[in-house]
Amino acid sequence: MSKIIVLIGAPGAGKGTQARLLEERCDIPQISTGDMFREMKNDDTPLAKEVQAIMNAGGLVSDDLTFQIVKNRTDREKDSYILDGFPRTAGQAEMLETLANEQNRTIQVIEVDIPRRELLKRLTGRRSCPVCKEIYNIYFKPPKQENVCDFHPATQLTHRADDNEASVSSRLEIYDEETKPLIDYYQRTGRLEKVNGEGDLETIYQSISRLI
Ligand code: AMP
């Protein structure tokens, strides 16, 4: 039976980086709600503007809208896929149960666990390529040439608008209140596995890919 693999963890835990590696190496599609919302950035609609404002402030987009984009994006998948950044609330977790039933898939949850003190550096040091979405970190994974993508030498890396201190603290607070309780829920229902998100990318990748 194909699976929905949910990567769960605080902002900055490295879910996106690991999901991208899994996609590249195991050919499992990575579906990131954050990326999909960021792609709306250039749309000139009231909805896109509203999403942009919520993201910049470090808040959460509504469950209904978030679920809609997840459903539209995943209904066309034929096999297993990875969700990065969804679910984030109890309401979304409930919607995911329904979706998994409809799509005849099981849910596997992998928590990427990382100490709080590590997160701030990861978030403020994070840079990404606007073209290929490759994620760098000026402290842990710098590009070969300063501020330029290794794969797109003509492209300057960007710093996410919500990786500033005020938005980060709001995102961490929301994570503790809304998302962390989901970890207990998946634990109780026997679907949670945990990996240590500290250390080098390859070691973390190996721990995750062993579970999949
Ligand atoms: P991320 O790239 O996963 O850190 O997401 C960036 C931002 O997109 C979040 O801070 C939220 O504003 C929004 N977002 C991403 N995923 C969700 C979700 N599942 N529910 C609500 N908002 C989300």
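The values are calculated or read from the model by the stated rules, or taken from the named source; none is laboratory data. A quick note: this is a predicted structure, and the numbers were derived from the prediction, not measured. Quick reminder, even Gly has a Cβ in these numbers, built from the backbone with ideal geometry, and neighbours come from all protein chains shown. The protein model used for the area step is the full one, side chains on, heavy atoms only, and it has no ligands, DNA or RNA in it. Shrake-Rupley method; radii C 1.70, N 1.55, O 1.52, S 1.80 Å.
Assorted remarks:
- Taking all protein chains together and a 1.4 Å probe, the residues 192, 22 rank 192, 22 from largest to smallest accessible area.
- Residue 174 contributes an accessible area of around 40 Å² to the protein surface, as traced by a 1.4 Å probe with all chains present.
- Normalised by the number of residues in the range 139-212, the average gap of Cα pairs under 8 Å and 6 or more apart makes the relative contact order 11 percent.
- Multiplying the residue separation of residue 98 and residue 75 by 0.36 nm and removing their Cα-Cα distance gives an extension gain of 7.0 nm.
- The Rg/Rh ratio for the range 102-212 is 1.02, where Rg is the radius of gyration of the alpha carbons and Rh is the Kirkwood radius.
- Relative compactness, the chain, computed as alpha-carbon Rg over 2.2 N^0.38 Å: 0.98
- With at most 14 neighbouring Cβ atoms within 10 Å, loop chymotrypsin sites (Phe, Trp or Tyr not before Pro) (DSSP) excluded, longest segment of the chain: 1-138
- Residue-normalised accessible area of the chain, expressed per residue, 1.4 Å probe, Å²: 52
- Restricting the range 111-212 to trypsin sites (Lys or Arg not before Pro) in coil, as DSSP defines it, with at most 12 other Cβ within 10 Å: 144
- Residue 158 sits with roughly 60 Å² accessible to a 1.4 Å probe, with DNA, RNA and ligands left out of the calculation.
- Exposure ranking of 155, 98 by accessible area [1.4 Å probe, largest first]: 98, 155
- Separation of the residue 146 and residue 178 label points, Cα + 7 Å toward Cβ, nm: 3.8
- 5 angstrom amide H check on residue 6, placed H, neighbours 5+ away: 83, 108, 109, 110
- Restraint check, 78/121; 15/71; 15/144; 49/78; 3/121, Cα-Cα greater than 28 Å: 78/121; 49/78; 3/121
- Set of aspartates and glutamates with alpha-carbon distance to residue 141 below 16 Å, sequence-local pairs under 8 removed: 118, 150, 198, 200, 202
- Ranking 32, 209 from most to least accessible surface, computed with a 1.4 Å probe over the protein chains only, gives 209, 32.
- Per DSSP, loop trypsin sites (Lys or Arg not before Pro) in the range 39-100 with at most 12 further Cβ within 10 Å: 76, 78
- Expressed as a whole percent, the accessible area of the chain that falls on carbon and sulfur atoms is 49 (1.4 Å probe).
- Per residue, the average separation of C-alpha pairs within less than 8 Å and at least 6 apart gives the chain a relative contact order of 30 percent.
- Within the chain, 26, 132 have no other Cys Cβ under 4.7 Å of their Cβ and so lack a disulfide-compatible partner by this rule.
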